[in-house]
1. With a 1.4 Å probe and all protein chains in place, put HIS389, HIS464, HIS163, HIS123 in order of accessible area, largest first.
2. So what is the relative contact order for the range 2-162, in percent, with contacts set as C-alpha pairs under 8 Å and at least six apart?
3. Can you list the HN-Hα couplings for the range 26-39, worked out from phi with the Karplus curve (6.51, -1.76, 1.60; θ = phi - 60°), rounded to whole Hz and with x for Gly and Pro?
4. Identify the GluC sites (Glu not before Pro) of the range 197-253 meeting these criteria: DSSP loop state and at most 14 other C-beta atoms within 10 Å of the C-beta.
5. If I take every Cα pair under 8 Å that is 6 or more residues apart in the range 302-355, average their sequence separation and divide by the length, what percent do I get for the relative contact order?
6. Counting Lys and Arg as +1 and Asp and Glu as -1, each charge on the Cβ, what is the dipole of the range 2-162 about the Cα centre in debye, to the nearest 20?
7. May I ask you to rank VAL336, VAL19 by accessible area, largest first, using a 1.4 Å probe over the protein chains only?
8. For the charge dipole of the range 2-162, defined by +1 on Lys and Arg C-beta atoms and -1 on Asp and Glu C-beta atoms about the Cα centroid, which residue among SER145, PRO162, LEU75 has the Cα displaced farthest towards the positive pole?
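The values are calculated or read from the model by the stated rules, or taken from the named source; none is laboratory data. From a predicted model like this one, the values you see are computed outputs, not experimental measurements. A quick note on method: Cβ atoms are made from the backbone with ideal geometry, for glycine too, and the neighbour counts reach across all protein chains shown. Just the protein is used for accessible areas: all its heavy atoms, side chains included, with ligands, DNA and RNA removed. Shrake-Rupley method; radii C 1.70, N 1.55, O 1.52, S 1.80 Å.
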Amino acid sequence: MEFTVKSGNPEKQRTACLVLGVYESRRLTPAAEQFDSACGGYLGNLLRRGDLEGKLGQSLLLFNVPEALCERVLLVGCGRERELDDRRFRQILNHTATALNDSGATEATVYLTDLAVKSRDLHWKLRQSVEAVEEALYRFDALKSKKDAPRRPLRRIILSVPHRRELAAAESMVREGIAMVSGVNFAKDLGNMPPNRCHPTWLAEQAQALAREFPTLQTQILEEVEMAQLGMNALLAVSQGSAQPAKLIRLDYRQGPSEQKPYVLVGKGVTFDSGGISLKPGEGMDEMKFDMCGAASVLGTLRACVELQLPLNVIGLIPAVENMPGSQATRPGDIVTSLSGQTIEILNTDAEGRLILCDALTYVERDEPAAVIDIATLTGACIVALGRHPHGLFSNHPPLTHALQTAAHASGDRVWEMPLWDDYQEALDSNFADMANVAGNRDGGAIIAACFLARFTKKFHWAHLDIAGTAWKTGKAKGATGRPVPLLTQYLLDRAAEQRREEA
Ligand code: BES
Ligand code: MN
Ligand code: ZN
């Protein structure tokens, strides 16, 4: 989709489709009002007759509107004006995109940035418009033999901006939205790919392909022998039951000052999580192909960084493995020595995410990071605790927590903080090793998993995002969400802005 911005009166637009809002009950938005007075009150009459109430989700496509220069007018219901919040704004844009895509118009001029969204400005609305439209139109049909794309799909959206003087800033907001969407869609495509195709080697190839596309990105792939030499035995213990070799994928983006410490993103890349010898129950097991969505979000965020040309140093690190049972697989009771030197008794082979992450986290110590954020579909318990709306957020550094909360608010990609208190640590005591990889009961499972990781992150500022509930949707709309690419990209945009302020 192509997005542009434009200022000017709605009645003067020669466009295939003009999109105007209607609040409940039957009240035109300011832009719609302006258009209507130029067209002799046609819309007002229609509303008075009762053709459109203005409820959220309603829409009405009009042809041959008297005296109008546009070919069509799409009226979209916006619900009650004083209830208009972030979520409803996104729903309105979502409905708009779907209706436009079905309309036959290949281009549209959208006057919805004048909607009054609670405590949000024009720039937020522009960026969200881009993201919501792309969200509505995303399809994963790479593996369908017949694609059911519309005959004349929507190709171009022009977003209205109230004043000329806002155009330049609006353009840069739209550019940000486009870069984020590019990262989100990349992460969705990787996440949705089936596990017979998306294995660690394929994931490494995707990283290499990304680096070929963008010269500011470099990749390095560590093979199992190299990981064994380093002593990454926790990671290798997860992989050893699988015929697919593990890969440690590293991406380097170095566009910041050379003395600037890097921001490091570590993404869980379990391309399929069967549970291993601690085999999972069969129901819904297909969804464990999404257990690499943390990895996908790292690749997506790096793609957004590159497209935004952020003046930062960013490292992406992806431990990629497949967790399978088999005669070579790790047994419950096995004890391994992690890269950190700490020994781990693996009591449950299904708690594999923390095993690959702990070695990856120790490995990044040598890069002297400014901050490390790991992203992982780590625990079913996080879904029990928080449901499927926010990511679970854990951190050993309050300013980092705060920065992520700020980025979550700005991007609409929400987080909720969970505790990392030492009180939880003793649940991981083992009689035979430095620690067990699981606790003896299910209490606070998401916190226990984070506490396990905390034992490997003492040397740097660290945050952990448990995305088990947010990385994909289940049920009829099953599919990867591309989250938390918006959150992470916003966090890095904020770091770049902070740095510019410091230089000034
Ligand atoms: N990948 C799963 C977590 C998961 C489960 C995410 C369901 C989303 C939906 C993870 O590797 C896992 O299996 N965790 C176990 C941990 C337990 C053995 C302590 C879990 O959550 O059951
Ligand atoms: Mn598991
Ligand atoms: Zn897993």
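1. Details: HIS389 125, HIS464 0, HIS163 85, HIS123 55 Å².
Largest accessible area first, the list is HIS389, HIS163, HIS123, HIS464.
2. Values: 313 pairs, mean separation 50.5, N = 161.
Relative contact order here is 31 percent.
3. Each residue's phi maps through the Karplus curve to give 6, 10, 6, 6, x, 5, 5, 4, 4, 4, 5, 5, 6, 10 Hz.
4. Values: sites: GLU205, GLU213, GLU223, GLU224, GLU226; in loops: GLU223.
Sparse-neighbourhood loop GluC sites (Glu not before Pro): GLU223.
5. Numbers: 28 pairs, mean separation 12.5, N = 54.
Value for the range 302-355: 23 percent.
6. Working: 26 positive and 22 negative charges, 64 e Å.
Roughly 300 debye for the range 2-162.
7. Values: VAL336 20, VAL19 0 Å².
Result of the area sort, largest leading: VAL336, VAL19.
8. So the residue furthest toward the plus end is SER145.
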